[in-house]
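See structure below.
The values are calculated or read from the model by the stated rules, or taken from the named source; none is laboratory data. Values in this document were obtained by computation on a predicted structure and should not be read as measured data. Heads up, the Cβs are rebuilt from the backbone with ideal geometry, glycines too, and the neighbour counts pull from every protein chain shown. We work out accessible area using only protein heavy atoms, side chains counted, and drop any ligands, DNA or RNA first. Shrake-Rupley method; radii C 1.70, N 1.55, O 1.52, S 1.80 Å.
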Amino acid sequence: IIIKTLISAEPQMNMSCDQYVPTSTNCFELLGFDILLDDLYQPWLIEVNLSPSMGCDAPLDQRIKGNLIADLFTLIGIVPLE
């Protein structure tokens, strides 16, 4: 469902990148996908957030979002100092 959503939005994303990003190799976007699973485990796309909230209201939020940011930095090549 995520791949199909990204494919459907590709022309608009490419146009925006061409218009606003001078060098496409130094750009990334974090998207928030809200997906509902019904009683038969069928996924339903509710919405896609361009700027998902990274606020932490609970310890579980902090753990999940902290790991998300760590993974994001790893994916883009930023490694932690040791």
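Below is a table of values for the structure above.
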item	result
Distant-in-sequence amide H partners of Phe33 (H built 1.01 Å from N, under 5 Å)	Asn49
Solvent-accessible area per residue for the chain (1.4 angstrom probe, square angstrom)	89 Å²
Simple Cβ-charge dipole of the chain, Lys/Arg +1 and Asp/Glu -1, about Cα centre, in debye nearest 20	160 debye
Of all accessible heavy-atom area on the chain, the percent that carbon and sulfur account for (1.4 Å)	61 percent
Under the Debye formula (equal points on every Cα, no solvent term), log10 I(q)/I(0) of the chain at q = 0.14, 0.15, 0.26 Å⁻¹	-0.69, -0.79, -1.29
